[in-house]
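The values are calculated or read from the model by the stated rules, or taken from the named source; none is laboratory data. Because the structure is predicted, anything quoted here is derived from the model rather than measured. Here the Cβ positions follow ideal geometry from the backbone for every residue, glycine too, while neighbour counts run over all protein chains shown.
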Amino acid sequence: MEKSTKIKHKVGFLLSNDALSSQSTQTAVKSKKECSECNKIRKPSTENNQICYTCNKAKKRIISSGNKVIDDFIKYTNTNCPNKNGKMVFVPYEKFKNIEFIGEGGFSQIFKATWIDCQITDWGALDYTIKKYNRTVALKKLNNSKNITSKELNELKMYYHYSLNWKSSNNNCDIHNSYVNIYYGITQDPITQDLIFIMPYHNSDLAHYITKDFYNISWHDKISKLEDIIKGLSNIHDANIIHRDLHSGNILVDGQYSAKLCDLGTSKSATDNDDNNEIHGIIPFIAPEVLQGKKYTRASDIYSYGMIMWEIMVGRRPFWDRKHNTELIIDTCNGLRPPIVTNAPEGYIDLMKECWHDDPEKRPTANEILEKINRVYANECKNETKIIESSDIGPVIRNNSGKRKFEGIQFENNFINGESIKKIKLIEDKNDDYLTREIEFDFDINSKRVYENEYATREIDFDIGAL
Ligand SMILES: [Zn+2]
(Lines give C-alpha, C1' and ligand atoms only; values in the text may rest on other atoms or scores of the structure.)
Protein backbone atom coordinates (compact mmCIF):
# COMPACT_ATOMS: atom_id res chain seq x y z
CA MET A 1 0.00 0.00 0.00
CA GLU A 2 2.78 2.31 0.96
CA LYS A 3 4.57 1.57 -2.27
CA SER A 4 1.63 2.46 -4.49
CA THR A 5 1.17 5.73 -2.66
CA LYS A 6 4.79 6.57 -3.30
CA ILE A 7 4.49 5.82 -6.98
CA LYS A 8 1.34 7.86 -7.22
CA HIS A 9 3.09 10.73 -5.57
CA LYS A 10 6.08 10.40 -7.84
CA VAL A 11 4.09 10.31 -11.06
CA GLY A 12 2.01 13.21 -9.91
CA PHE A 13 5.25 15.05 -9.33
CA LEU A 14 6.52 14.23 -12.80
CA LEU A 15 3.33 15.39 -14.39
CA SER A 16 3.04 18.54 -12.36
CA ASN A 17 6.61 19.41 -13.30
CA ASP A 18 5.68 19.21 -16.95
CA ALA A 19 2.67 21.36 -16.30
CA LEU A 20 4.79 23.91 -14.48
CA SER A 21 7.38 24.13 -17.21
CA SER A 22 4.79 24.77 -19.88
CA GLN A 23 3.05 27.30 -17.69
CA SER A 24 6.20 29.29 -17.11
CA THR A 25 6.75 29.73 -20.84
CA GLN A 26 3.36 31.32 -21.32
CA THR A 27 3.21 35.05 -21.59
CA ALA A 28 0.39 37.10 -20.29
CA VAL A 29 -1.43 37.94 -23.46
CA LYS A 30 -4.66 39.83 -22.81
CA SER A 31 -6.90 37.44 -24.68
CA LYS A 32 -5.66 34.49 -22.64
CA LYS A 33 -7.19 33.41 -19.36
CA GLU A 34 -7.11 30.55 -16.94
CA CYS A 35 -8.89 27.48 -18.26
CA SER A 36 -11.24 25.89 -15.74
CA GLU A 37 -10.27 22.40 -16.97
CA CYS A 38 -6.48 22.41 -17.26
CA ASN A 39 -5.84 25.55 -15.16
CA LYS A 40 -3.41 26.84 -17.74
CA ILE A 41 -3.45 30.38 -19.05
CA ARG A 42 -4.54 29.84 -22.60
CA LYS A 43 -6.70 31.25 -25.33
CA PRO A 44 -10.35 30.45 -24.46
CA SER A 45 -12.50 28.46 -26.81
CA THR A 46 -15.00 30.45 -28.84
CA GLU A 47 -17.68 27.89 -28.06
CA ASN A 48 -17.18 27.94 -24.29
CA ASN A 49 -15.01 30.69 -22.89
CA GLN A 50 -14.59 28.98 -19.52
CA ILE A 51 -12.25 26.45 -21.06
CA CYS A 52 -9.34 26.74 -23.44
CA TYR A 53 -9.31 25.91 -27.09
CA THR A 54 -7.20 22.77 -26.48
CA CYS A 55 -9.48 21.40 -23.77
CA ASN A 56 -12.55 22.11 -25.85
CA LYS A 57 -11.09 20.23 -28.79
CA ALA A 58 -10.07 17.32 -26.56
CA LYS A 59 -13.56 17.22 -25.00
CA LYS A 60 -15.15 16.70 -28.38
CA ARG A 61 -12.74 14.03 -29.49
CA ILE A 62 -12.05 11.94 -26.42
CA ILE A 63 -14.30 8.97 -25.84
CA SER A 64 -14.92 8.40 -22.16
CA SER A 65 -13.93 5.03 -20.73
CA GLY A 66 -16.23 5.48 -17.78
CA ASN A 67 -13.18 5.27 -15.50
CA LYS A 68 -11.93 8.53 -14.06
CA VAL A 69 -8.27 7.48 -13.72
CA ILE A 70 -8.11 6.48 -17.39
CA ASP A 71 -10.08 9.50 -18.60
CA ASP A 72 -7.97 11.96 -16.62
CA PHE A 73 -4.78 10.48 -17.97
CA ILE A 74 -5.94 10.45 -21.60
CA LYS A 75 -7.17 14.02 -21.27
CA TYR A 76 -3.89 15.05 -19.72
CA THR A 77 -1.81 13.64 -22.60
CA ASN A 78 -4.04 15.52 -25.04
CA THR A 79 -4.12 18.89 -23.35
CA ASN A 80 -0.83 19.24 -21.44
CA CYS A 81 1.51 19.88 -24.34
CA PRO A 82 -0.69 19.60 -27.42
CA ASN A 83 2.16 20.19 -29.85
CA LYS A 84 4.28 17.38 -28.49
CA ASN A 85 4.23 13.62 -29.07
CA GLY A 86 2.66 11.23 -26.65
CA LYS A 87 -1.04 12.01 -27.05
CA MET A 88 -3.08 8.90 -26.34
CA VAL A 89 -6.59 7.66 -26.98
CA PHE A 90 -9.13 5.53 -25.23
CA VAL A 91 -10.56 3.03 -27.68
CA PRO A 92 -13.69 0.98 -26.92
CA TYR A 93 -12.89 -2.73 -26.92
CA GLU A 94 -15.37 -3.48 -29.70
CA LYS A 95 -13.06 -1.62 -32.07
CA PHE A 96 -10.67 -4.57 -31.91
CA LYS A 97 -11.25 -7.66 -34.05
CA ASN A 98 -9.31 -10.87 -34.75
CA ILE A 99 -7.91 -10.87 -31.24
CA GLU A 100 -5.27 -13.56 -30.96
CA PHE A 101 -3.22 -14.52 -27.90
CA ILE A 102 0.52 -14.37 -28.64
CA GLY A 103 2.39 -14.41 -25.37
CA GLU A 104 2.61 -13.94 -21.67
CA GLY A 105 4.79 -11.79 -19.44
CA GLY A 106 5.09 -11.67 -15.68
CA PHE A 107 2.05 -9.53 -15.09
CA SER A 108 0.42 -9.37 -18.48
CA GLN A 109 -0.79 -11.14 -21.59
CA ILE A 110 -0.03 -9.96 -25.11
CA PHE A 111 -2.50 -10.20 -27.99
CA LYS A 112 -2.38 -9.36 -31.66
CA ALA A 113 -5.51 -7.60 -32.95
CA THR A 114 -6.95 -5.53 -35.75
CA TRP A 115 -7.87 -2.01 -34.68
CA ILE A 116 -10.89 -0.92 -36.70
CA ASP A 117 -11.22 2.75 -37.73
CA CYS A 118 -7.83 3.74 -36.39
CA GLN A 119 -6.46 7.23 -36.96
CA ILE A 120 -2.79 6.74 -36.25
CA THR A 121 -0.19 7.84 -38.76
CA ASP A 122 2.44 5.43 -40.05
CA TRP A 123 4.90 7.00 -37.67
CA GLY A 124 2.59 6.45 -34.73
CA ALA A 125 1.07 9.86 -34.11
CA LEU A 126 -2.57 10.34 -33.33
CA ASP A 127 -4.05 12.32 -36.23
CA TYR A 128 -7.78 13.05 -36.44
CA THR A 129 -7.42 14.48 -39.92
CA ILE A 130 -6.46 11.20 -41.59
CA LYS A 131 -8.93 8.76 -43.04
CA LYS A 132 -9.93 5.94 -40.69
CA TYR A 133 -8.37 2.59 -41.51
CA ASN A 134 -7.69 -0.81 -39.97
CA ARG A 135 -4.32 -1.51 -38.41
CA THR A 136 -2.68 -4.54 -36.80
CA VAL A 137 -1.66 -3.72 -33.24
CA ALA A 138 -0.50 -5.43 -30.07
CA LEU A 139 -2.65 -5.34 -26.95
CA LYS A 140 -1.02 -5.74 -23.56
CA LYS A 141 -3.53 -6.77 -20.97
CA LEU A 142 -2.51 -6.26 -17.34
CA ASN A 143 -3.54 -9.17 -15.14
CA ASN A 144 -6.03 -8.36 -12.40
CA SER A 145 -5.96 -4.67 -13.15
CA LYS A 146 -9.61 -3.76 -12.90
CA ASN A 147 -9.01 -1.56 -9.87
CA ILE A 148 -7.09 0.98 -11.83
CA THR A 149 -4.93 3.36 -9.87
CA SER A 150 -2.14 5.62 -10.95
CA LYS A 151 0.28 2.72 -10.44
CA GLU A 152 -1.27 0.59 -13.18
CA LEU A 153 -0.71 3.41 -15.63
CA ASN A 154 2.98 3.73 -14.74
CA GLU A 155 4.19 2.22 -18.00
CA LEU A 156 2.20 4.75 -20.01
CA LYS A 157 3.20 7.59 -17.75
CA MET A 158 6.86 6.73 -18.19
CA TYR A 159 6.38 6.69 -21.94
CA TYR A 160 4.57 10.01 -21.80
CA HIS A 161 7.38 11.45 -19.70
CA TYR A 162 9.81 10.11 -22.28
CA SER A 163 7.86 11.60 -25.17
CA LEU A 164 7.96 15.05 -23.57
CA ASN A 165 11.63 14.88 -22.72
CA TRP A 166 12.97 13.09 -25.75
CA LYS A 167 15.07 15.41 -27.84
CA SER A 168 15.24 14.56 -31.47
CA SER A 169 18.72 15.19 -32.81
CA ASN A 170 17.25 15.16 -36.28
CA ASN A 171 14.18 17.23 -37.06
CA ASN A 172 12.89 14.66 -39.50
CA CYS A 173 13.13 11.94 -36.90
CA ASP A 174 9.87 11.05 -35.20
CA ILE A 175 9.56 9.49 -31.76
CA HIS A 176 8.43 6.33 -33.52
CA ASN A 177 12.03 6.06 -34.76
CA SER A 178 13.61 6.76 -31.39
CA TYR A 179 14.28 3.05 -30.66
CA VAL A 180 11.75 3.02 -27.84
CA ASN A 181 8.39 1.29 -28.17
CA ILE A 182 5.48 3.70 -28.41
CA TYR A 183 1.95 3.47 -27.05
CA TYR A 184 -1.25 4.52 -28.76
CA GLY A 185 -3.48 4.41 -25.75
CA ILE A 186 -5.81 2.31 -23.66
CA THR A 187 -8.73 -0.04 -24.02
CA GLN A 188 -10.45 -2.15 -21.39
CA ASP A 189 -11.67 -5.72 -21.32
CA PRO A 190 -15.47 -5.39 -21.14
CA ILE A 191 -15.85 -8.52 -19.00
CA THR A 192 -12.92 -8.48 -16.59
CA GLN A 193 -12.47 -4.67 -16.73
CA ASP A 194 -8.73 -5.33 -17.00
CA LEU A 195 -6.62 -2.51 -18.32
CA ILE A 196 -5.18 -2.99 -21.83
CA PHE A 197 -2.46 -0.91 -23.49
CA ILE A 198 -2.50 -0.45 -27.27
CA MET A 199 0.92 -0.62 -28.94
CA PRO A 200 2.43 -1.24 -32.36
CA TYR A 201 2.68 -4.91 -33.29
CA HIS A 202 6.16 -6.44 -33.60
CA ASN A 203 6.60 -10.03 -34.64
CA SER A 204 9.45 -10.94 -32.30
CA ASP A 205 11.57 -10.02 -29.34
CA LEU A 206 15.34 -10.11 -29.41
CA ALA A 207 15.57 -13.41 -27.53
CA HIS A 208 13.46 -15.20 -30.16
CA TYR A 209 15.08 -13.34 -33.03
CA ILE A 210 18.57 -14.42 -32.01
CA THR A 211 17.74 -18.09 -31.43
CA LYS A 212 15.36 -18.65 -34.33
CA ASP A 213 17.99 -18.57 -37.06
CA PHE A 214 21.23 -18.00 -35.14
CA TYR A 215 23.79 -19.11 -37.72
CA ASN A 216 22.20 -17.10 -40.49
CA ILE A 217 22.20 -13.80 -38.65
CA SER A 218 25.39 -12.08 -39.73
CA TRP A 219 27.57 -10.09 -37.38
CA HIS A 220 26.59 -7.11 -39.46
CA ASP A 221 22.93 -7.62 -38.50
CA LYS A 222 23.77 -8.40 -34.88
CA ILE A 223 25.79 -5.23 -34.43
CA SER A 224 23.09 -3.25 -36.16
CA LYS A 225 20.58 -4.48 -33.55
CA LEU A 226 23.02 -3.55 -30.77
CA GLU A 227 23.33 -0.08 -32.27
CA ASP A 228 19.54 0.31 -32.15
CA ILE A 229 19.41 -0.88 -28.55
CA ILE A 230 22.10 1.50 -27.36
CA LYS A 231 20.43 4.39 -29.22
CA GLY A 232 17.19 3.57 -27.38
CA LEU A 233 19.03 3.36 -24.07
CA SER A 234 20.85 6.60 -24.74
CA ASN A 235 17.50 8.27 -25.53
CA ILE A 236 15.84 7.13 -22.33
CA HIS A 237 18.91 8.00 -20.25
CA ASP A 238 18.95 11.45 -21.83
CA ALA A 239 15.30 11.79 -20.81
CA ASN A 240 16.36 10.96 -17.25
CA ILE A 241 14.80 7.51 -17.22
CA ILE A 242 16.52 4.34 -16.02
CA HIS A 243 15.09 1.20 -17.59
CA ARG A 244 15.86 -1.14 -14.66
CA ASP A 245 14.72 -4.31 -16.41
CA LEU A 246 16.63 -4.48 -19.65
CA HIS A 247 16.97 -7.95 -21.18
CA SER A 248 16.48 -9.65 -24.52
CA GLY A 249 12.78 -10.27 -23.85
CA ASN A 250 12.19 -6.53 -23.46
CA ILE A 251 13.54 -5.59 -26.85
CA LEU A 252 11.17 -5.75 -29.78
CA VAL A 253 12.49 -6.76 -33.17
CA ASP A 254 10.70 -6.77 -36.48
CA GLY A 255 12.63 -8.01 -39.49
CA GLN A 256 14.66 -5.24 -41.03
CA TYR A 257 13.11 -2.53 -38.86
CA SER A 258 14.97 -1.08 -35.94
CA ALA A 259 14.92 -2.78 -32.55
CA LYS A 260 12.97 -1.01 -29.83
CA LEU A 261 13.20 -1.02 -26.05
CA CYS A 262 9.93 -1.79 -24.35
CA ASP A 263 8.42 -2.41 -20.96
CA LEU A 264 9.15 0.84 -19.25
CA GLY A 265 6.76 -0.37 -16.55
CA THR A 266 9.46 -0.69 -13.94
CA SER A 267 11.39 2.35 -15.09
CA LYS A 268 11.91 5.33 -12.88
CA SER A 269 13.16 8.80 -13.25
CA ALA A 270 16.92 8.91 -12.76
CA THR A 271 16.57 11.91 -10.47
CA ASP A 272 14.10 10.15 -8.23
CA ASN A 273 15.46 9.87 -4.70
CA ASP A 274 12.98 7.23 -3.64
CA ASP A 275 14.79 4.75 -1.42
CA ASN A 276 12.39 1.95 -2.22
CA ASN A 277 14.74 0.28 -4.63
CA GLU A 278 12.96 -3.00 -5.23
CA ILE A 279 14.67 -5.44 -7.55
CA HIS A 280 13.17 -6.40 -10.90
CA GLY A 281 14.28 -8.59 -13.70
CA ILE A 282 16.21 -11.70 -14.55
CA ILE A 283 19.28 -12.39 -12.41
CA PRO A 284 21.94 -12.68 -15.16
CA PHE A 285 20.96 -9.22 -16.44
CA ILE A 286 21.00 -7.52 -13.05
CA ALA A 287 24.16 -5.62 -12.12
CA PRO A 288 26.04 -6.93 -9.07
CA GLU A 289 25.70 -3.67 -7.16
CA VAL A 290 21.91 -3.88 -7.56
CA LEU A 291 21.95 -7.47 -6.36
CA GLN A 292 23.77 -6.12 -3.31
CA GLY A 293 21.00 -3.65 -2.61
CA LYS A 294 22.36 -0.53 -4.21
CA LYS A 295 20.24 1.72 -6.38
CA TYR A 296 19.60 1.19 -10.04
CA THR A 297 21.55 3.69 -12.09
CA ARG A 298 22.26 4.32 -15.73
CA ALA A 299 25.36 2.16 -15.18
CA SER A 300 23.24 -0.78 -14.05
CA ASP A 301 21.36 -0.56 -17.37
CA ILE A 302 24.75 -0.64 -19.09
CA TYR A 303 25.60 -3.86 -17.26
CA SER A 304 22.40 -5.38 -18.68
CA TYR A 305 23.45 -4.18 -22.12
CA GLY A 306 26.77 -6.04 -21.70
CA MET A 307 24.80 -9.23 -21.02
CA ILE A 308 22.70 -8.61 -24.13
CA MET A 309 25.97 -8.35 -26.09
CA TRP A 310 26.96 -11.76 -24.75
CA GLU A 311 23.59 -13.26 -25.65
CA ILE A 312 23.82 -11.91 -29.19
CA MET A 313 27.35 -13.28 -29.54
CA VAL A 314 26.56 -16.75 -28.24
CA GLY A 315 22.89 -17.26 -29.09
CA ARG A 316 22.12 -18.31 -25.53
CA ARG A 317 21.10 -16.51 -22.43
CA PRO A 318 23.94 -15.63 -20.06
CA PHE A 319 24.32 -18.47 -17.54
CA TRP A 320 21.89 -20.58 -19.56
CA ASP A 321 23.40 -23.70 -17.95
CA ARG A 322 22.95 -22.56 -14.37
CA LYS A 323 20.06 -22.17 -12.02
CA HIS A 324 19.06 -18.60 -11.33
CA ASN A 325 19.58 -18.88 -7.63
CA THR A 326 21.49 -17.53 -4.67
CA GLU A 327 24.74 -19.14 -5.81
CA LEU A 328 24.54 -17.28 -9.07
CA ILE A 329 23.94 -14.02 -7.23
CA ILE A 330 26.95 -14.62 -4.99
CA ASP A 331 29.16 -15.58 -7.93
CA THR A 332 28.03 -12.50 -9.88
CA CYS A 333 28.85 -10.28 -6.93
CA ASN A 334 32.27 -11.94 -6.79
CA GLY A 335 32.93 -11.01 -10.38
CA LEU A 336 31.77 -14.06 -12.31
CA ARG A 337 30.77 -13.24 -15.87
CA PRO A 338 29.74 -15.54 -18.73
CA PRO A 339 32.67 -17.23 -20.51
CA ILE A 340 34.07 -16.11 -23.86
CA VAL A 341 33.36 -19.17 -25.96
CA THR A 342 33.49 -17.84 -29.49
CA ASN A 343 35.02 -15.25 -31.78
CA ALA A 344 33.63 -11.76 -32.32
CA PRO A 345 34.46 -8.68 -34.37
CA GLU A 346 37.45 -6.66 -33.26
CA GLY A 347 36.69 -4.51 -30.22
CA TYR A 348 33.45 -6.32 -29.44
CA ILE A 349 34.60 -8.45 -26.52
CA ASP A 350 36.53 -5.57 -24.93
CA LEU A 351 33.47 -3.35 -25.11
CA MET A 352 31.27 -6.06 -23.63
CA LYS A 353 33.69 -6.45 -20.72
CA GLU A 354 33.71 -2.70 -20.13
CA CYS A 355 29.92 -2.79 -19.91
CA TRP A 356 29.87 -5.50 -17.29
CA HIS A 357 32.73 -4.05 -15.25
CA ASP A 358 32.41 -4.73 -11.54
CA ASP A 359 32.74 -1.03 -10.78
CA PRO A 360 29.72 0.88 -12.16
CA GLU A 361 31.83 4.04 -12.40
CA LYS A 362 34.12 2.34 -14.89
CA ARG A 363 31.35 1.28 -17.27
CA PRO A 364 30.98 3.44 -20.38
CA THR A 365 27.92 5.65 -20.84
CA ALA A 366 25.35 4.84 -23.50
CA ASN A 367 26.73 7.57 -25.73
CA GLU A 368 30.28 6.26 -25.36
CA ILE A 369 29.09 2.76 -26.24
CA LEU A 370 27.31 4.13 -29.28
CA GLU A 371 30.55 5.61 -30.57
CA LYS A 372 32.43 2.39 -29.97
CA ILE A 373 29.77 0.15 -31.45
CA ASN A 374 29.65 2.41 -34.51
CA ARG A 375 33.36 1.76 -34.99
CA VAL A 376 32.87 -2.00 -34.62
CA TYR A 377 30.08 -1.75 -37.19
CA ALA A 378 32.20 0.25 -39.63
CA ASN A 379 34.99 -2.33 -39.40
CA GLU A 380 32.54 -5.15 -39.87
CA CYS A 381 31.26 -3.57 -43.07
CA LYS A 382 34.80 -3.64 -44.45
CA ASN A 383 35.88 -6.93 -43.00
CA GLU A 384 33.21 -9.52 -42.31
CA THR A 385 33.59 -11.74 -39.21
CA LYS A 386 32.78 -15.40 -39.76
CA ILE A 387 30.54 -17.25 -37.35
CA ILE A 388 32.38 -20.45 -36.45
CA GLU A 389 29.92 -23.23 -35.69
CA SER A 390 30.54 -25.04 -32.43
CA SER A 391 28.70 -26.83 -29.67
CA ASP A 392 29.35 -23.85 -27.37
CA ILE A 393 27.17 -21.48 -29.35
CA GLY A 394 23.72 -21.41 -30.90
CA PRO A 395 20.36 -22.10 -29.35
CA VAL A 396 20.13 -24.84 -26.77
CA ILE A 397 17.59 -27.52 -27.52
CA ARG A 398 15.61 -28.33 -24.43
CA ASN A 399 13.88 -31.67 -24.03
CA ASN A 400 11.84 -30.52 -21.13
CA SER A 401 10.20 -27.17 -21.54
CA GLY A 402 9.09 -27.23 -17.90
CA LYS A 403 12.65 -27.38 -16.63
CA ARG A 404 13.01 -23.67 -16.24
CA LYS A 405 9.83 -23.46 -14.30
CA PHE A 406 11.15 -25.95 -11.80
CA GLU A 407 14.32 -23.96 -11.42
CA GLY A 408 12.29 -20.86 -10.88
CA ILE A 409 10.35 -22.40 -8.04
CA GLN A 410 13.57 -23.49 -6.40
CA PHE A 411 14.82 -20.01 -6.75
CA GLU A 412 11.73 -18.67 -5.06
CA ASN A 413 12.14 -21.07 -2.17
CA ASN A 414 15.70 -19.95 -1.68
CA PHE A 415 14.47 -16.47 -1.06
CA ILE A 416 11.49 -17.24 1.07
CA ASN A 417 13.74 -19.26 3.30
CA GLY A 418 16.22 -16.56 4.20
CA GLU A 419 18.24 -19.09 6.17
CA SER A 420 19.43 -20.82 3.06
CA ILE A 421 21.33 -17.70 2.11
CA LYS A 422 23.12 -17.67 5.42
CA LYS A 423 24.00 -21.35 5.09
CA ILE A 424 25.64 -20.79 1.75
CA LYS A 425 27.55 -17.91 3.17
CA LEU A 426 29.01 -19.99 6.00
CA ILE A 427 29.85 -23.00 3.91
CA GLU A 428 31.35 -21.28 0.95
CA ASP A 429 33.14 -18.30 2.26
CA LYS A 430 35.78 -17.34 4.75
CA ASN A 431 36.68 -13.97 3.31
CA ASP A 432 35.60 -11.00 5.39
CA ASP A 433 35.05 -8.70 2.47
CA TYR A 434 32.77 -11.21 0.90
CA LEU A 435 30.84 -11.68 4.10
CA THR A 436 30.08 -7.99 4.28
CA ARG A 437 28.68 -8.04 0.79
CA GLU A 438 26.67 -11.09 1.55
CA ILE A 439 25.09 -9.55 4.62
CA GLU A 440 24.19 -6.48 2.65
CA PHE A 441 22.17 -8.26 0.07
CA ASP A 442 20.80 -10.78 2.49
CA PHE A 443 19.31 -7.92 4.46
CA ASP A 444 18.00 -6.15 1.43
CA ILE A 445 16.30 -9.09 -0.19
CA ASN A 446 14.63 -10.28 2.98
CA SER A 447 13.23 -6.87 3.69
CA LYS A 448 11.40 -6.83 0.36
CA ARG A 449 8.12 -8.65 0.55
CA VAL A 450 7.33 -7.72 -3.03
CA TYR A 451 10.52 -9.35 -4.18
CA GLU A 452 9.52 -12.69 -2.71
CA ASN A 453 5.99 -12.69 -3.97
CA GLU A 454 6.27 -11.18 -7.38
CA TYR A 455 9.77 -11.38 -8.62
CA ALA A 456 10.03 -15.13 -8.79
CA THR A 457 6.78 -15.41 -10.73
CA ARG A 458 7.96 -12.82 -13.15
CA GLU A 459 11.25 -14.63 -13.55
CA ILE A 460 9.55 -17.90 -14.44
CA ASP A 461 7.27 -16.35 -16.98
CA PHE A 462 9.92 -14.36 -18.72
CA ASP A 463 12.30 -17.26 -18.98
CA ILE A 464 9.72 -19.50 -20.52
CA GLY A 465 8.52 -16.81 -22.83
CA ALA A 466 11.99 -16.09 -24.07
CA LEU A 467 13.33 -19.59 -24.70
ZN1 LIG B 1 -7.61 23.91 -20.84
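Could you check how many residues of segment 366-397 are touching a residue at least 60 places away in the same chain (Cβ under 8 Å) and surrounded by fewer than 15 Cβ atoms within 10 Å (Cβ to Cβ)?
Qualifying residue count, segment 366-397: 7.
Which of the residues spanning segment 218-234 are among the β-branched types (Val, Ile, Thr) and over 17 Å from the mean Cα position of the chain (by Cα)?
223
Among the residues of segment 55-65, how many are in contact with a helix residue (DSSP H, G or I) (Cβ under 9 Å, 6 or more places away or on another chain) and near the ligand (Cβ under 9 Å from one of its atoms)?
2
Can you pull out the residues in segment 100-120 that are over 20 Å from the mean Cα position of the chain (by Cα) and surrounded by 13 or more Cβ atoms within 10 Å (Cβ to Cβ)?
If the condition is that a residue be over 20 Å from the mean Cα position of the chain (by Cα) and surrounded by 13 or more Cβ atoms within 10 Å (Cβ to Cβ), then 113, 114, 115, 116, 118, 119, 120 are the ones that fit.
State which residue pairs qualify: first residue closer than 19 Å to residue 195 by Cα and inside segment 132-144, second residue among the acidic types (Asp, Glu) and not in a strand (DSSP E or B) in any location, beta carbons under 8 Å apart, and separation of 6 or more residues or different chains.
Every condition considered, the pairs that remain are 141/189; 141/194; 142/152; 142/194; 143/194; 144/194.
Do the conditions hold for residue 153, that is, is it under 16 Å from residue 71 (Cβ atoms) and crowded, with 20+ Cβ neighbours inside 10 Å?
Details: under 16 Å from residue 71 (Cβ atoms): yes; crowded, with 20+ Cβ neighbours inside 10 Å: yes.
Taking the combined requirement at face value, the residue satisfies it.
Need the failing condition index for residue 61 against (1) crowded, with 20+ Cβ neighbours inside 10 Å; (2) in contact (Cβ under 8 Å) with a residue 24 or more places away in the chain; (3) not assigned by TED's automatic domain parsing to the domain that holds residue 194, just the number.
(1)
Residue 93 is checked against (1) surrounded by fewer than 16 Cβ atoms within 10 Å (Cβ to Cβ); (2) within 13 Å of the ligand (Cβ to nearest atom) and fails just one. What number does that condition carry?
Single failed check for residue 93: (2).
Mind listing just one residue for me: the one in segment 66-88 that is in contact (Cβ under 8 Å) with a residue 40 or more places away in the chain and surrounded by fewer than 21 Cβ atoms within 10 Å (Cβ to Cβ) and, of those, farthest from the ligand (Cβ to nearest atom)?
67
Here are the criteria: (1) at positive phi; (2) outside the structural domain of residue 348 (by TED's automatic domain parsing); (3) buried (at least 19 other Cβ atoms within 10 Å of the Cβ). Tell me which single one residue 244 does not satisfy.
(2)
Tell me which residues, restricted to segment 30-54, are farther than 18 Å from residue 76 by Cα and either within 15 Å of the ligand (Cβ to nearest atom) or at pLDDT 90 or above (or both).
So in segment 30-54, the residues farther than 18 Å from residue 76 by Cα come out as 30-33, 46-49.
31, 32, 33, 46, 47, 48, 49, listed by residue number.
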